[in-house]
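The values are calculated or read from the model by the stated rules, or taken from the named source; none is laboratory data. Keep in mind that this is a model prediction, so the values were computed, not measured. Reconstructed Cβ throughout: ideal geometry from the backbone, glycine too, with neighbour counts over all protein chains shown. These area figures cover heavy atoms from the full protein model, side chains too; ligands, DNA and RNA do not enter into them. Shrake-Rupley method; radii C 1.70, N 1.55, O 1.52, S 1.80 Å.
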Amino acid sequence: MEKTREYTVKQLADLSGVSPRTLRYYDQIGLLNPARVTEAGYRVYTSREADMLQQILLYRALDFSLEAIGRLVHQPGIDRLSALEDQRARLETRRRTLDSLIETVDRTIASEKGGKMMKDSEKFACFKQEKLEENERLYGAEVRKAYGEQAADTYNRRFASLSEAAYQDMEALGEALLRGLEEAVRRGVPPASETGRQLAGMHRKWLGFTLPECTDMMQQNLCQMYLCDPRFTAYYDKNQPGCAQFLHDAVAARLA
């Protein structure tokens, strides 16, 4: 059996390309702790921590915050294979998105040079397809389990058929909701406040673009799902931890 490889901070930094200062910071915040610390105070890492660092760097490359990465890599029952399969799926989606964006840019360049004119809807189709694929990959299984195949397929059809104006309105409202949640959590605003009620209403309106029949119970169940699945939580807490919990509590307070 091969002896477990050990690394100092400098050796792991040289191996991975991150700075020793970054490794010390990851240890400080509990994201990546060394296997042991010597009596002299030196951190010692093993291949296990090297594997964990690889996962962390892959999630960083996918633009996850350190808080979201911590929840993903330290969630109970998580294993390396599942994490790698999740990361590969995310990277595949990003690759398809980049291919679609490149194709759209190429067609736009050709149009500008006097080639075939693009319809306005064609200029934005790649962005809608990116969002649809990302939603299906991340949340499709949970939505289908909770609401059935027909409901999930209906959502996808409605999203794909959104007019460009409706799609842009939906995206803008979603961004405003996230920024509002982040600001409310940073300020320590109570979820049951008027601000909380307004954000819960924004969430309901945002759902209405693709779920016009959304009921109070459906909205509550979705918010509960945001807390139960780390992937949903990571979406809302990407820049500010606590946003998913705030939204859940705000919706519960609004509907109480």
Subject >> Two-decimal Rg/Rh across segment 30-94, once Rg and the Kirkwood Rh are taken from alpha-carbon atoms >> reply: 1.03
**OP:** Using a 10 Å cut-off on Cβ atoms, rank the peptides 41-50, 218-227 from the highest mean neighbour count down.
**Re:** 218-227, 41-50
Subject >> segment 184-250: Cα Rg divided by the 2.2 N^0.38 Å rule of thumb >> reply: 1.07
Original post:
Quick one: with all protein chains in place, what share of the accessible area of segment 1-66 is carbon or sulfur, to the nearest percent (1.4 Å probe)?
Top reply: 47 percent
**OP:** Pull up all non-local amide H partners of residue 46: gap of 5 or more, or a different chain, and H-to-H distance under 5 Å with H placed in the peptide plane.
**Re:** 7, 35
Original post:
What order do you get for 232-240, 60-68, 102-110 when each peptide is scored by the mean count of other beta carbon atoms within 10 Å, highest first?
Top reply: 232-240, 60-68, 102-110
**OP:** Please report how far the C-alpha centroid of segment 219-233 lies from that of segment 91-111, rounded to the nearest whole angstrom.
**Re:** 32 Å
